[in-house]
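Working notes, structure below.
The values are calculated or read from the model by the stated rules, or taken from the named source; none is laboratory data. Predicted, not measured: the structure shown is a model, and the values here were computed from it. Cβ placement follows ideal geometry from the backbone for every residue including glycine, while neighbour counts extend to all protein chains displayed. Side chains included, ligands, DNA and RNA excluded: accessible areas come from the protein's heavy atoms. Shrake-Rupley method; radii C 1.70, N 1.55, O 1.52, S 1.80 Å.
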Amino acid sequence: MAFDGVTIAALAAELHTRLAGGRLSKIAQPEPDELLLTIKTQTGAERLLLSADAGLPLVYLTEGNKPSPITAPNFCMLLRKHIQNSRILSVTQPGLERILRFEIEHLDEMGDLRRGYLIAEIMGKHSNLIFTDEEDRIIDSIKHVSALMSSVREVLPGRTYFVPRVQDKVDLLAPGDAEKGDAAGSTADGGMGITPAEFTATLRAKPQPVYKAFYGSFTGISPVLAQELCARAGLDGDTPAAGFSDEELHRLYAQALALVRTIREQAFAPCIAYGVRGPEEYAAIPLTIYPEGQRRSAGSISAVLEQFYREKNEVTRMRQKSADLRHIVQTALERNVHKLDLQRKQLQDTEKRDTYRVWGELLLTYGYSAQPGAKSIQVENYYTNEKETIPLDPQLTAAENAQRMFDRYGKLKRTYEALTELTESVQAQIDHLESVLTSLDLARREEDLAWIREELVQGGYIRRQSREKRAKLTGKPYHYISSDGYDLYVGRNNLQNDELTFKFANGGDWWFHAKKMPGSHVILRRKGTEEVPDRAFEEAAQLAAYYSKGREQDKVEVDYVLRKEVKKPGGAKPGFVVYYTNYSMTVPADISALVRAEE
């Protein structure tokens with residue numbers, strides 16, 4: 001997840017195509033470090049978001065809007081004064097730097113035509129938005145950087161703007177001395193300004209994994225992009241460059257060359273890669289290091305960035321909103337796990353209960369042979385036909401020692417029976433709490449949290465206030481359409497699992513659940529007496545795998561059975577069911593072939 005130089009290159013190409021020739025009709029500053037520009041082009045109005053937020057700097061075209069403060073900040077007022085209604089001539093990127101340069105034609109105070117530059121530097125905590133004149137003199141910036149804040153460069157009105165060079169990295173787009181006869185080709189025809197030999201030497205100069213040496217040596221390359229190019233070259237990115245032959249590193253050079261040509265030809269194919277908890281990475285080229293089912297393509301890099309960060313923010317926001325519930329569940333889970341450990345240790349102490357019973361029986365049979373005051377007796381165990389040494393209390397008779405053994409046996413037996421029942425109860429609590437944690441991981445909306453909170457209230461983990469009314473639970477199960485047109489339904493949480501299985505589903509429908517792990521109930525709705533195709537079974541099982549605790553595994557075993565075979569024991573926790581006959585299949589947690597129905 002990196003706003004790298006290649007992403008900026010894709011943005012520069014897109015923005016130049018869509019904005020060049022357009023006029024800046026509105027300039028707003030909705031946040032202290034953010035601009036929202038409205039540009040009127042021949043094809044309509046475009047909104048451009050420019051954010052220099054230290055935590056999340058962004059640039060992309062968006063259809064959304066944001067409210068502006070009543071009084072515009074100083075930087076916004078300055079831009080309105082200089083470039084309101086001005087024309088955007090071009091959008092460029094210097095090399096593969098994380099910088100976008102908007103060339104703007106505007107009228108000065110005397111009415112003369114001038115050119116200025118709005119520069120967006122996307123450099124993490126050093127991000128900034130800077131406005132300069134045609135001589136690169138800084139007019140103002142959204143963040144002022146003094147010499148006390150940076151020894152590399154001041155960003156203040158009146159200072160000369162320049163691109164900071166704080167890292168000794170090679171720019172793959174820069175012209176070099178590569179010979180035309182070399183495999184590099186010339187920079188004019190899409191080659192690189194570095195030869196294969198120079199490329200190999202650069203990587204081998206760093207004693208670290210080759211993918212780290214790659215992104216640490218070349219400008220604009222992010223870790224995920226370095227890993228992608230290593231994978232395309234058939235190299236293990238975690239192996240040091242010194243572990244590869246020249247031929248192998250030349251394959252990596254060829255992939256870098258292909259990337260350079262993609263940039264020069266503007267042949268980008270932006271995509272988002274998804275993991276089990278939502279979007280994980282994005283790039284301006286397909287990320288083949290992720291399975292095809294986990295990749296989503298988009299028409300533009302702006303669409304990728306807007307979608308990625310919107311979905312990422314949704315996941316983050318849900319994690320924040322569920323933090324209190326998660327803390328309650330995690331605390332209860334840890335307490336029950338500790339309790340179970342203690343009970344199991346106590347159970348181990350009862351394992352000798354049958355030994356005391358046998359000793360009592362043997363003493364009743366052979367006790368007459370015990371000598372008065374003896375501390376032990378050796379007799380033949382008629383259960384095993386082996387000699388058995390039984391400890392005795394020398395102050396008691398053989399019959400009294402036998403009764404003592406029976407008393408100890410009885411006590412351990414009662415303890416065993418009580419602990420067995422308790423451990424089963426505590427294990428059920430643990431299984432339930434783990435299923436609630438899985439539901440919290442799967443929650444995507446606030447209504448999902450309402451269901452989970454109600455479940456915790458019913459379970460006694462949260463006390464309902466005296467005047468608090470029961471929450472109105474809304475939201476339906478997830479609805480998917482299989483490749484063959486069958487309806488598939490997924491419970492979002494334990495309470496909804498019960499409703500889906502026992503109130504919504506028919507007895508002839510098929511029921512799916514990940515084997516021996518927390519997860520959602522999945523219902524495959526039958527169509528009358530029509531025979532369900534195998535593919536529908538597989539896709540329903542993949543849904544059960546995806547909406548389970550095992551979704552990060554390569555394969556998940558899933559049980560499936562007719563709904564009428566599924567029973568709920570009396571007093572069982574929400575979501576808990578039993579079934580005594582079933583089929584099973586092992587499937588990947590991949591639901592890319594499924595279509596989510598509109599809710």
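Restricting attention to the stretch 558-576, report how many residues are touching a Lys or Arg at 6+ places or on another chain (Cβ under 9 Å) and either more than 18 Å from residue 438 (Cβ to Cβ) or crowded, with 17+ Cβ neighbours inside 10 Å (or both). Total meeting the criteria: 2.
The set of residues from the stretch 483-500 being part of a loop (DSSP other than H, G, I, E, B) and either at pLDDT 95 or above or open to solvent by 30 Å² or more (accessible area, probe 1.4 Å) (or both) comprises 483, 484, 485.
I'd like the full set of residues that are out of contact with any helix residue (DSSP H, G or I) (no Cβ under 9 Å at 6 or more places or on another chain) and crowded, with 19+ Cβ neighbours inside 10 Å, limited to the stretch 410-438. Selection gives 438 alone.
Go through the stretch 56-89 and give me each residue that's open to solvent by 30 Å² or more (accessible area, probe 1.4 Å), touching a residue at least 12 places away in the same chain (Cβ under 8 Å) and assigned to a loop (DSSP other than H, G, I, E, B). Those that are open to solvent by 30 Å² or more (accessible area, probe 1.4 Å), touching a residue at least 12 places away in the same chain (Cβ under 8 Å) and assigned to a loop (DSSP other than H, G, I, E, B): 56, 63, 64, 65, 66, 67, 68, 69, 73, 84, 85.
Only one of the numbered conditions (1) open to solvent by 50 Å² or more (accessible area, probe 1.4 Å); (2) under 30 Å from residue 319 (Cβ atoms); (3) acidic (Asp, Glu) is not met by residue 407, and that is (2). May I ask you to verify whether residue 287 is within 19 Å of the chain's Cα centre (by Cα), open to solvent by less than 40 Å² (accessible area, probe 1.4 Å) and of a type in the set (A, V, I, L, M, F, W, C)? Yes, satisfied.
The set of residues in the stretch 439-462 that are in a helix (DSSP H, G or I), open to solvent by 10 Å² or more (accessible area, probe 1.4 Å) and either among the β-branched types (Val, Ile, Thr) or on the phi > 0 side of the Ramachandran plot (or both) contains only 457. Of all residues in the stretch 274-297, exactly one satisfies the criterion of being small (Gly, Ala, Ser), out of contact with any Leu (no Cβ under 7 Å at 6 or more places or on another chain) and within 19 Å of residue 5 (Cα to Cα), namely 284. Taken over the stretch 501-520, the criterion of being open to solvent by less than 40 Å² (accessible area, probe 1.4 Å) and of a type in the set (A, V, I, L, M, F, W, C) is satisfied by 505, 510, 511, 512, 514.
Can you tell me which residue is farthest from the chain's Cα centre (by Cα) among those in the stretch 271-284 that are closer than 27 Å to residue 547 by Cα and part of a loop (DSSP other than H, G, I, E, B)? Among them, the one singled out is 276. For the stretch 90-112, filtering for residues that are more than 40 Å from the chain's Cα centre (by Cα), of a type in the set (A, V, I, L, M) and not in a strand (DSSP E or B) leaves 1.
Of everything in the stretch 45-55 that is among the small types (Gly, Ala, Ser) and either touching a Lys or Arg at 6+ places or on another chain (Cβ under 7 Å) or at pLDDT 90 or above (or both), the residue that is most open to solvent (accessible area, probe 1.4 Å) is 45. Scanning the stretch 366-392 for residues that are hydroxyl-bearing (Ser, Thr, Tyr), closer than 20 Å to residue 407 by Cα and surrounded by 13 or more Cβ atoms within 10 Å (Cβ to Cβ) turns up just one, 366. In the set 213, 147, 231, 201, only one residue is surrounded by fewer than 16 Cβ atoms within 10 Å (Cβ to Cβ) and either part of a helix (DSSP H, G or I) or at pLDDT 90 or above (or both); that residue is 201.
Residue by residue through the stretch 521-535, note down the ones that are under 34 Å from the mean Cα position of the chain (by Cα), of a type outside the set (D, E, K, R) and open to solvent by 40 Å² or more (accessible area, probe 1.4 Å). Answer for the stretch 521-535, where residues must be under 34 Å from the mean Cα position of the chain (by Cα), of a type outside the set (D, E, K, R) and open to solvent by 40 Å² or more (accessible area, probe 1.4 Å): just 533. Criterion applied to 353, 357 was being basic (Lys, Arg) and either in contact with a His (Cβ under 9 Å, 6 or more places away or on another chain) or open to solvent by less than 60 Å² (accessible area, probe 1.4 Å) (or both), and the one residue passing it is 353. Identify all residues within the stretch 550-599 that are on the phi > 0 side of the Ramachandran plot and either in contact (Cβ under 8 Å) with a residue 12 or more places away in the chain or not in a loop (DSSP other than H, G, I, E, B) (or both); write none if there are none. Of everything in the stretch 550-599, just one residue is on the phi > 0 side of the Ramachandran plot and either in contact (Cβ under 8 Å) with a residue 12 or more places away in the chain or not in a loop (DSSP other than H, G, I, E, B) (or both), namely 575.
Residue by residue, here is whether (1) polar (S, T, N, Q); (2) in contact (Cβ under 8 Å) with a residue 12 or more places away in the chain holds:
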residue	(1), (2)
369	yes, no
391	no, yes
413	no, yes
418	no, no
428	no, yes
446	no, yes
455	no, yes
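Within the stretch 291-319, the set of residues being part of a loop (DSSP other than H, G, I, E, B), within 18 Å of residue 594 (Cβ to Cβ) and free of Cβ contacts under 8 Å to residues at least 40 places away in the same chain is empty.
Scanning the stretch 13-30 for residues that are open to solvent by less than 10 Å² (accessible area, probe 1.4 Å) and assigned to a helix (DSSP H, G or I) yields a count of 2.
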